[in-house]
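Undergrad: One structure, pasted below without further comment.
The values are calculated or read from the model by the stated rules, or taken from the named source; none is laboratory data. What you are looking at is a predicted structure, and each value in this text was computed from that prediction instead of being measured. Virtual Cβ from ideal backbone geometry, glycine too; neighbours counted across all protein chains shown. Accessible surface is based on the protein model in full, side chains and every heavy atom, while ligands, DNA and RNA are left aside. Shrake-Rupley method; radii C 1.70, N 1.55, O 1.52, S 1.80 Å.
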Amino acid sequence: MMKKFLYRFFLFSLLPLLTLLVLEIWIGTKQEKLLSEKKLEQVFRNRADEYQWVSNIKHPKKIFLLGSSSIKYGLSCRELNRLAADSLAFINLAADARDPIETYFILKQLDLSGVKAMYMGIDPWIYTRNYYRNRHQYLLLDLPFAKAVRYSKEYDARLFAKRYKALFHFPDPDHPASIAQSKIPADFGSVALTKKPVNFNDPVTKKYRLKDYGWSELQFTYLQKIVTLCESNGIVFTAFYPPRRSDFILDDEKNGRDIRLSFEEQLMKAGFNRSIHPLQLLKDDLFADSYHLNKAGQEIYSRYFFSFVQEN
Amino acid sequence: MLFNSLDFAIFLPIVFILYWFVTQKNLRVQNGLIVVASFVFYGWWDWRFLSLLLFSSMVDYVAGLAMMKEQRQRRRKWYLILSIVSNLGLLGFFKYYNFFLESFTAAFSFFGMPIHAGTLYIILPVGISFYTFQSLSYGIDVYRRKLEPTRDPIAFLAFVSFFPQLVAGPIERATHLLPQFQKARVFDYSKAVDGLKQILWGLFKKMVIADNCGQFADLIFSQSESYHGSTLLLGAFFFAMQIYGDFSGYSDMAVGLSRLFGFDLMQNFSFPYFSRSIAEFWRRWHISLSTWFRDYLYIPLGGNKKGKAKTIRNTFITFLVSGLWHGAHLKYLAWGGLHALYMLPHLIKTKTAKRESAIAPGKFLPGWKEGFSILLTFILVLLAWIFFRANSLAQADQIFSEIFSRSMLTIPQVLPRKILVLLAFFLLFEWRGRNSLYAIEKTGSQWPIWTRWLFYYFILLLIFLEGGREQPFIYFQF
């Protein structure tokens, strides 16, 4: 009886196991194709729909601000435009956890005429695979099998399901298609942080988990692609490190040296050989958490940032 | 360790093989394996709480033996009190200490005598309400001489800590489960296959129904002030499906797993949402807890044998305590109280109502009267869930006032079509299998093997592809 049970159970399990094996082999061997620009373009198509309003800004000197939440909440376009006496039109395309891949496809889909410069805030942890949990599920295909197992145990038990769904282009419920928006937002894409953000006070070492998951080479590649896109359109590209609270800077200096070196190495490998300007603010009461400015911080930092733009 | 985790997928085959191939010849060793496996399973959450499990088990084991040796009734009573105080003391401290402290300070403040008492940061040990009740029932049954106490500490530990039902039930009676640890288990092919089927259905209920509905219930309840009455009612419906899928799904997995190891656990849910009255609902919902309260609280209070007034009093006490069992919060008391109110017409009726048998037997659809009773009972249960799910009584009040307003007549603002289709599929199978032990018990029994397997693959595929964002089992918190 037991023999029959085990035999039948084995037979029954064979089909799902073989299917998983085939899918994993497919992912492993076709990774380059699966993560090609053509494929990713399909995944991120229509991502720029929420920025339809950008084409409604008719200004000969547009400046795009790019990056993740530190830029979305860190700079106020209204304040920047006021400081520039409307001789420039600042537009904020940053969003929570936004990475270079998505940014690149948004830029590709937007009309770049009239754009004179782009300033991109660089948050190095965005370039780790550890942050794939905040990304479109398609990027989970970039995890090697062993790392995917670890990831599913640690962060998301449904990782493999998401991986295979991504393979067959199932929509990602956590990253729904953008809702088209043609009305120009009050602060041109910037948002003042009024609530305290949660879970953003991790120490440096916890943020990266490089030994476990490594850097995402794709992110570096797409950062370089943004630079190339700018160059081909005659747009000035400048990268900078957004401000951090002093304890974060100290923690970073104390425990993040190797990470910094490794990050720079990855940048070089991807062909990104520009300097990244450290545009810091040192007053801690201007921060809502380790690296998000509060409303007062946003205003002060915008002024500081504007003088940097002028110098450039 | 969660049943729907990778850890458990590795743990289970190891235990299964050791159980049937290595330890089968020696019952004590086999029971010992169950204890070790159960301790690993439980310690996976927090090994520190193993001491509580051990303490609760040992107190009842020793109290049981002492009651057996002691003939003087007074002394026996003292041993029983020791068991009750130890178990309820643990439960009271870990679950209710802060609640009672806060309630007392609030009451004193209300009467103009503010007092200051610091609450403690207490982590609730997973499943404490389940295993203390199971252990407690042993002490009470031994005291009542319904059960011969066991001298085998390993068998007793295995009974209290049996991993399939340790953290969320069914709360087994010693009279039913303990003897199963005292005799050799034989592998039964059809029982094991049936167990796997029940696990599969339990996983579907948990991962597809509960987890998906939970996302929308959370969304709607977290911003209840921004939704119309119709959306809020839909939120309550999603929660009703979530809690049923979650808890009955866990019970299905527990029963199914036990069958793999040659055990039979009691049925914990019997299609409660198809009940035709509230009384019937409580005979079909969380049966192991309802019967526990019936046998160890309602009947000792006098049950329905001491006149109408006392029956009503006993019913209210039982439902309020049952509410409090779910958590130290007034909203649970309100939930229990509302169910007691629902029972009133049933209690006041002079004629003893005939106990309902099978639901719509031999028919695909129920008759008008039966259908109406099912719908009405479901609506009453649904409204009571609002108290259970709301964050506070104030939020429940806001939701009720919105539901009983004109905004109830609008189209819901949240209408996830995919989830509604999945729910339709689920409810169809539940209805088809309403008179079985679990919905798909008889599905495919006459089909050729490959058709049956195709059906199981289909359920697996749904679990894999349509499983919602992972949510913790609701009943673990109780």
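Undergrad: Please give the number of the condition B:I171 fails out of (1) outside any helix (DSSP H, G or I); (2) within 21 Å of the chain's Cα centre (by Cα); (3) surrounded by fewer than 21 Cβ atoms within 10 Å (Cβ to Cβ).
TA: Evaluating B:I171 over (1) outside any helix (DSSP H, G or I); (2) within 21 Å of the chain's Cα centre (by Cα); (3) surrounded by fewer than 21 Cβ atoms within 10 Å (Cβ to Cβ) leaves (3) as the failure.
Undergrad: Could I ask something else about it? Going through region A:56-84 one residue at a time, which ones are aliphatic (A, V, I, L, M) and outside any helix (DSSP H, G or I)? Before the answer, list the steps.
TA: Here is the first cut: in region A:56-84, the residues aliphatic (A, V, I, L, M) are A:57, A:63, A:65-66, A:71, A:75, A:80, A:83-84.
Of everything in region A:56-84, those that are aliphatic (A, V, I, L, M) and outside any helix (DSSP H, G or I) turn out to be A:I57, A:I63, A:L65, A:L66, A:L75, A:A84.
Undergrad: Tell me which of these B:Q182 doesn't satisfy, since it passes every other one: (1) more than 23 Å from the chain's Cα centre (by Cα); (2) more than 23 Å from B:Y19 (Cα to Cα); (3) of a type outside the set (K, R).
TA: (2)
Undergrad: Quick check on B:G195: is it within 14 Å of another protein chain (Cβ to nearest Cβ) and in a helix (DSSP H, G or I)? Explain how you work it out, then say what you get.
TA: Working: within 14 Å of another protein chain (Cβ to nearest Cβ): yes; in a helix (DSSP H, G or I): yes.
So B:G195 passes the test.
Undergrad: For region A:286-294, indicate whether the set of residues that are of a type in the set (D, E, K, R) and open to solvent by 10 Å² or more (accessible area, probe 1.4 Å) is non-empty. It would help to see each step written out before you state the result.
TA: Residues of region A:286-294 that are of a type in the set (D, E, K, R), as a first pass: A:289.
Of the ones still in play, those that are also open to solvent by 10 Å² or more (accessible area, probe 1.4 Å) are none.
The answer is no; no qualifying residue exists.
Undergrad: State all residues of region B:458-478 that are surrounded by fewer than 16 Cβ atoms within 10 Å (Cβ to Cβ) and either at pLDDT 95 or above or not polar (S, T, N, Q) (or both); if no residue qualifies, say none. Steps first, please.
TA: Filtering region B:458-478 down to residues surrounded by fewer than 16 Cβ atoms within 10 Å (Cβ to Cβ) leaves B:458, B:461, B:465, B:469-470, B:472, B:477.
B:F458, B:L461, B:L465, B:R469, B:E470, B:P472 - these are the residues of region B:458-478 that are surrounded by fewer than 16 Cβ atoms within 10 Å (Cβ to Cβ) and either at pLDDT 95 or above or not polar (S, T, N, Q) (or both).
Undergrad: Which of the residues spanning region B:51-87 are over 21 Å from B:L178 (Cβ atoms) and part of a helix (DSSP H, G or I)? Give the derivation first.
TA: Filtering region B:51-87 for residues over 21 Å from B:L178 (Cβ atoms) gives B:51, B:71-75, B:77-78, B:81, B:85.
Answer for region B:51-87, where residues must be over 21 Å from B:L178 (Cβ atoms) and part of a helix (DSSP H, G or I): B:S51, B:Q73, B:R74, B:R75, B:K77, B:W78, B:I81, B:V85.
Undergrad: Can you pull out the residues in region A:152-165 that are free of Cβ contacts under 8 Å to residues at least 40 places away in the same chain, open to solvent by less than 20 Å² (accessible area, probe 1.4 Å) and more than 7 Å from chain B (Cβ to nearest Cβ)?
TA: Once the filter is applied, which keeps residues that are free of Cβ contacts under 8 Å to residues at least 40 places away in the same chain, open to solvent by less than 20 Å² (accessible area, probe 1.4 Å) and more than 7 Å from chain B (Cβ to nearest Cβ), region A:152-165 yields only A:L159.
Undergrad: I'd like to verify a number: residues in region B:137-168 that are open to solvent by less than 30 Å² (accessible area, probe 1.4 Å) and either touching a residue at least 60 places away in the same chain (Cβ under 8 Å) or within 14 Å of chain A (Cβ to nearest Cβ) (or both), how many?
TA: Step one: filter region B:137-168 for residues open to solvent by less than 30 Å² (accessible area, probe 1.4 Å), giving B:137-142, B:147, B:149-150, B:155-168.
Among the residues that remain, those that are also either touching a residue at least 60 places away in the same chain (Cβ under 8 Å) or within 14 Å of chain A (Cβ to nearest Cβ) (or both) are: B:137-140, B:142, B:149-150, B:155-158, B:160-168.
The qualifying residues number 20.
Undergrad: Identify, by number, the condition in (1) without any contact (Cβ under 8 Å) to a residue 40 or more places away in the chain; (2) assigned to a helix (DSSP H, G or I); (3) of a type outside the set (K, R) that B:E225 doesn't meet.
TA: Here B:E225 clears every test but (1).
Undergrad: Find the helices (runs of 4 or more DSSP H) located wholly in region B:355-456 whose residues include 2 or more that are within 30 Å of B:G337 (Cα to Cα) and of a type in the set (S, T, N, Q), and list them. Walk me through it before giving the result.
TA: Working: elements: B:368-389, B:393-403, B:417-432.
Hits in region B:355-456: B:368-389, B:393-403.
Undergrad: Considering each residue of region A:103-151, count those that are open to solvent by less than 20 Å² (accessible area, probe 1.4 Å) and not in a helix (DSSP H, G or I), and give that number.
TA: Going through region A:103-151 one residue at a time, the tally reaches 11.
Undergrad: If I go through region B:1-31 residue by residue, how many of them are more than 10 Å from every other protein chain (Cβ to nearest Cβ) and in a loop (DSSP other than H, G, I, E, B)?
TA: Counting residues in region B:1-31 that are more than 10 Å from every other protein chain (Cβ to nearest Cβ) and in a loop (DSSP other than H, G, I, E, B) gives 5.
So that you can scan it fast, the table gives a plain yes or no per residue for (1) open to solvent by 40 Å² or more (accessible area, probe 1.4 Å); (2) farther than 30 Å from A:N92 by Cβ; (3) touching a residue at least 60 places away in the same chain (Cβ under 8 Å):
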| site | (1), (2), (3) |
| --- | --- |
| A:K4 | yes, yes, no |
| A:F9 | yes, yes, no |
| A:L21 | yes, yes, no |
| A:A48 | no, no, yes |
| A:Q52 | yes, no, yes |
| A:H59 | yes, no, no |
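Undergrad: Of B:I359, B:I348, B:I379, which residue is crowded, with 19+ Cβ neighbours inside 10 Å and farther than 21 Å from B:Y96 by Cβ? Quick ask: steps written out before the conclusion?
TA: On the way: B:I348 fails: crowded, with 19+ Cβ neighbours inside 10 Å; B:I379 fails: crowded, with 19+ Cβ neighbours inside 10 Å.
Exactly one residue qualifies, and that residue is B:I359.
Undergrad: Here's a follow-up. Go through region B:303-352 and give me each residue that's part of a loop (DSSP other than H, G, I, E, B), under 25 Å from the mean Cα position of the chain (by Cα) and small (G, A, S).
TA: Passing the criteria: B:G303, B:G327, B:A328.
Undergrad: Within region B:398-409, can one find any residue that is without any contact (Cβ under 8 Å) to a residue 40 or more places away in the chain, over 27 Å from B:G127 (Cα atoms), within 14 Å of another protein chain (Cβ to nearest Cβ) and of a type outside the set (S, T, N, Q)?
TA: No, that holds for no residue.
Undergrad: Can you pull out every residue in region B:53-74 that is buried (at least 18 other Cβ atoms within 10 Å of the Cβ) and touching a residue at least 24 places away in the same chain (Cβ under 8 Å)?
TA: Across region B:53-74, the qualifying residues are B:L53, B:S56, B:S57, B:V59, B:D60, B:Y61, B:A63, B:G64, B:M67.
Undergrad: Now for a different question. Give region B:1-32 a look and list any residue that's hydrophobic (A, V, I, L, M, F, W, C), farther than 19 Å from B:S251 by Cα, touching a residue at least 12 places away in the same chain (Cβ under 8 Å) and open to solvent by 30 Å² or more (accessible area, probe 1.4 Å), or say none.
TA: Across region B:1-32, the qualifying residues are B:L18, B:L27.
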